[in-house]
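Notes follow once the structure below has been shown.
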Amino acid sequence: MVDLKSQYDKIQQEIDTAVIDVIRSTQYINGSEVKNFQHDLENYLNVKHVIPCANGTDALQVAMMGLDLKPGDEVITTSFTFVATVEVIALLGLTPVLVDVLPDTFNIDPESVRKAITSKTKAIVPVHLFGQCVDMEPLMEMGKEHNLYIIEDNAQAIGADYIFKDGTRKKAGTIGTVGCTSFFPSKNLGCYGDGGAIFTNDDELAQRLRVIVNHGMEVRYYHDSIGVNSRLDSIQAAILRIKLRKLDEYAAARRKAACYYDRAFANHPRIKTPVRSKFSSHVFHQYTLVIENLDQFALQKFMGERDIPAMIYYPVPMHMQKAYIDPRYKEGDFPVTEMLSKSVISLPMHTELDEEQLKYITESVLEFLGQN
Ligand SMILES: *Cc1c(COP(=O)(O)O)cnc(C)c1O
């Protein structure tokens, strides 16, 4: 799905030097590169605080710990997401409240969120799925009205702009109370291992988060709160500093590939190509088609036989996962999510796709649909 080797080849010199510098410095944990990356990312995102951590799942967990959410508190999110979003809510003993998504953007439906708010609701977790922002303004209004935290799961949309009605722009993950991201290798800003970060403009919250990722410790060996051990390695930070400088260029390369796909599938009676919302730029973490009457696994197999990876994100909605079965939900409750889970297919999407590959991929999809 991603060609990390070709991407690395183009920046090899810079990466190798940076990695070797860290090794020679012996500052493997909390080294100066971590602080430098933190500041670079704060500048890029135009946010006051970036708190690096070990991965995107930890980022979500630590954010919820820092907001002092307590067992019984309800947290609203979508059933059409990667498991981590719901996993951390459950792990902290909070109550996940699931809602449906919109069919055009695959993102959380603000009207369904409004209907799901109760006196126990404490937070909303919008997931900026596949590289495009959730419509944040209605959620921010609900947050204000009902005194709710907005925790953005921005693992898939780092670098995307949210565009307010008045035309002002903010980076995805910097709009709500707190934003969380992942630097997993295949994410838009990926390191060469695990990594993550939390963003906020709230000084007090930032301080609490910094203490939590460090064992609840502000003064060495004095623990004021229960924390976790969640750090970004210096080597990963050094790699991320280099890749951050290229993030916008990388997004442009992804958009270019997306435009090729769009043209190839335009006007096909069964294919719906990704929409571009007016309130968000698209950084194409995934290029996901919705295809009518599709046997997804047959298409995936057909592509696989041609050495083309194709993935189904996500085949089973959260409310139908064994671990998250809950008497509050049953099959049929989230019709859009369930329809999408049966009809989506994501094509290879990365910074190194060339015309020849794109031609081969699109022709293969069309050939399959011609026969099935
Ligand atoms: C990748 C991802 C995460 C988790 O990130 P990790 O770094 O793998 O822990 C969380 N939420 C979403 C939507 C993701 O895509």
Within region 114-136, whose backbone N sits under 14 Å from a point 7 Å along Cα→Cβ of residue 70? 120-122
Within region 242-282, the residues whose backbone N lies under 13 Å from a label point placed 7 Å from the Cα of residue 293 along the Cα-to-Cβ direction are 269-271
Determine ³J(HN,Hα), in whole Hz, for all residues of region 279-285 in sequence, where each value follows from phi through the Karplus function 6.51 cos²θ - 1.76 cosθ + 1.60 and θ = phi - 60°; x replaces Gly and Pro. 9, 8, 7, 10, 9, 6, 4
Please give the charge dipole size of the chain, origin at the Cα centre, charges +1 on K and R Cβ atoms and -1 on D and E Cβ atoms. Round to the nearest 20 debye. 220 debye
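Which residues make up the longest stretch of the chain clear of GluC sites (Glu not before Pro) that lie in a DSSP loop with no more than 15 other Cβ atoms within 10 Å, not counting the sites? Please list the in-between numbers first.
Working: sites that count: 292, 331.
So the longest stretch without any such site is 1-291.
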About its Cα centre, how strong a charge dipole does region 247-371 have in debye, to the nearest 20, once Lys and Arg get +1 and Asp and Glu get -1 at the Cβ? 440 debye
For the chain, the accessible surface attributable to carbon and sulfur atoms (probe 1.4 angstrom, ligands and nucleic acids excluded) amounts in percent to 52 percent
How big is the charge dipole of region 92-232 about its Cα centre, in debye rounded to the nearest 20, if each Lys and Arg gets +1 on its Cβ and each Asp and Glu gets -1 on its Cβ? 340 debye
Per 10 Å bin, what is the whole-percent P(r) computed from every C-alpha pair distance within the chain? 5, 24, 32, 25, 12, 2, 0
How long is the gain from residue 170 to residue 29 if the chain were fully straight, where each residue apart is worth 0.36 nm and the alpha carbon distance is subtracted? 47.6 nm
Placing +1 on the Cβ of each Lys and Arg and -1 on the Cβ of each Asp and Glu in region 247-371, which of 264, 252, 291 has its Cα farthest towards the positive end of the resulting dipole? 291
Taking H placed 1.01 Å from N in the peptide plane, check which residues at least 5 places from residue 121 or on another chain put their amide H under 5 Å from its amide H. 74
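Could you please put 168, 200 in sequence from largest to smallest accessible area, using a 1.4 Å probe?
Working: 168 75, 200 5 Å².
Result of the area sort, largest leading: 168, 200.
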For the chain, what proportion of DSSP beta bridges, expressed in % and rounded to the nearest 5, is antiparallel? 65 percent
For region 247-371, just the Cα atoms, rotate onto the principal axes and tell me the three extents in Å, largest first. 49, 37, 26
Along Cα→Cβ, 7 Å out, is where each label goes; now give me the distance between the ones at residue 17 and residue 219 in nm to one decimal. 4.4 nm
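The values are calculated or read from the model by the stated rules, or taken from the named source; none is laboratory data. No experiment lies behind these values; they were computed from the predicted model shown. Please note: Cβ atoms are built from the backbone with ideal geometry, for glycine as well, and neighbour counts cover all protein chains shown. Heads up: the accessible areas ignore ligands, DNA and RNA and are worked out on the full protein's heavy atoms, side chains in. Shrake-Rupley method; radii C 1.70, N 1.55, O 1.52, S 1.80 Å.
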